1. So what's the net charge close to residue 352: Lys and Arg +1, Asp and Glu -1, counting the other residues with Cβ under 13 Å from its Cβ?
2. Would you calculate the separation in nanometres between label points at residue 194 and residue 49, each defined as 7 Å from the Cα along the Cα-to-beta-carbon direction?
3. Which net charge results when you count Lys and Arg as +1 and Asp and Glu as -1 among the other residues whose beta-carbon is under 15 Å from that of residue 169?
4. Measuring from a point 7 Å past the Cα of residue 273 along Cα-to-C-beta, which residues in segment 327-350 have an amide N at less than 11 Å?
5. Taking R0 as 56 Å, what's the FRET efficiency between residue 111 and residue 429 from their Cβ-Cβ distance, rounded to 0.05?
6. Cβ under 14 Å from residue 123's Cβ, residue 123 left aside: what net charge do those residues give with Lys, Arg +1 and Asp, Glu -1?
7. Work out the length of the dipole vector of the chain about its Cα centre, built from +1 on the beta-carbon of each Lys and Arg and -1 on the beta-carbon of each Asp and Glu, and round it to the nearest 20 debye.
8. If you take the charge dipole of the chain about its Cα centre, with +1 on Lys and Arg Cβ and -1 on Asp and Glu Cβ, which of 258, 327, 233 is farthest toward its positive end?
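The values are calculated or read from the model by the stated rules, or taken from the named source; none is laboratory data. Treat the numbers as computed from the prediction; the structure is a model and nothing was measured. Methodologically, a virtual Cβ is constructed for each residue, glycine included, from the backbone with ideal geometry; neighbour enumeration extends over all protein chains shown. The protein model used for the area step is the full one, side chains on, heavy atoms only, and it has no ligands, DNA or RNA in it. Shrake-Rupley method; radii C 1.70, N 1.55, O 1.52, S 1.80 Å.
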Amino acid sequence: MPSSTHALFIAYPAQGHVLPLLELAHRFADHGFAVTFVNTDHIHGQLVAASPELEAAGQQDDGAPPPESGQVRFVSVSDGIPPDVDRNNLGTLTSALMSSLPPAVEHMIQNGNFRCMVVDYAVAWVLGVAKKSGMRTATLWPSCAAVMAAALHLPELIADGILDKDGLPTSKQIPPVGELQMNLAPLAWNAAGTEDAQRQIFRCLSNSLKALGQGTVDLLLCNTVKELEEGVLSEHPRPSILPIGPLPTGLRAGKPVGNFWVEDDTCLSWLDEQPDKSVVYVAFGSMAVLDQNQFHELAHGLELSGRHFLWVVRPGLANAVDFPDGFLESVEKRGKIVTWSPQHSVLAHPAIACFVSHCGWNSVMEGVRNGLPFLTWPYFCDQFINESYVCDVWKTGLRLVKDAAGGVVTREHIAARIEKLLNDSATVSRASELQQVASRSIGKDGTSFNNLTDVINAMKG
Ligand code: UDX
């Protein structure tokens, strides 16, 4: 193992952000870095509850020795919110972080002898502290480059009248970006609930952009594949976005993957008993919520399809997780329901035929990497743009669409789309082609492989 170089990683407190950043941290550790990985106390508590083998957090003042070369050590800091306040309000959470994180990180840097710092883009404003100490810096965007490019052009979008001064969308449409017709309305800063929450998220992203303008960020990394977003990346030369994906989160035997919920591995032995390409996998990531009516309609749709299915019913997926009468008995022989799956192993399993997904970018990259066709069901934010990549640009999936009259995706539609997708050989074979593209990019001398090698060398200095 090469001699240790200490790297400080700081995550944004959400599942879809912690997972790819932690994977990147493990990559750094594989290359001889000692990594200190910082979560908020609240998130760290969730990680420990889900993976008890995860060591208790070293608090920032505990005087514990730094991690060794090749190790990732977890540290947690306050998010600045009292314990009883709702952390699902992203506006409150982000605003509190903007006050609480910089002094905590400054303290760590003074005591840590770090060579470099890598943070989620949503907290890139904290990198100013690192630059004062002469550290190398990088930021990871966990979604697609198309949305990252929009976040890097907020002033221009405001000047062009596409966003108002608070980042809220006007009726003016953004011109197509590469092959993609973008719609900024559902994006992060506009999907955070109340207008106040939207303004806080917008302020946070604006502060990250200001940090870039002040030269505090050396490298902008994105969990994407150059060949899959060629149009956007070629239309967006500066500042340069480095695609390093897909980051294969979750496949590290014996190393914490950063789940917020306990993985139910029994679905893997259940999958072992199913024929190849026979199972519909249904999962909506960590934040999507279905109303009770829609939840029932989905259950009926899976029942009606007659197909085998594996369905992740996370706590909080529905207002009350209450299956229709008789549903569990009816699907007992061909359905498996878990609260959280080892999604990476599931998607790589030969029994999986297709992925019914909310189109969170991590899920999209994981589906692509495993050559799966999608049925798309976005919930909010970038998920609508990610859906557009899948269905319109790559053509590796079909949309699930709400019924205009009832406002739900109906059971008949769900069953019919599953059947249509599984018999759509063009879509299925394009999904396999994309898998090859993604595999080449992370294989030796592939675009993502080379970018990541350059990043790691640059951070070592
Ligand atoms: C959020 C946004 O929705 C997403 O669009 C953004 O890009 C990142 O933050 P989330 O909604 O949780 O993330 O979706 P997604 O990006 O798909 O991330 C979920 C992660 O949880 C994936 O890495 C997936 O493998 C993992 N997962 C999900 C499991 O390990 N098990 C499960 O049962 C479900």
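1. After counting each charged neighbour, the total is +1.
2. About 2.5 nm separates the two model spin labels.
3. -3
4. 333-336
5. With R0 = 56 Å, the Cβ-Cβ based efficiency is 0.55.
6. -1
7. Dipole magnitude for the chain comes out near 1040 debye.
8. The listed residue farthest towards the positive side: 233.
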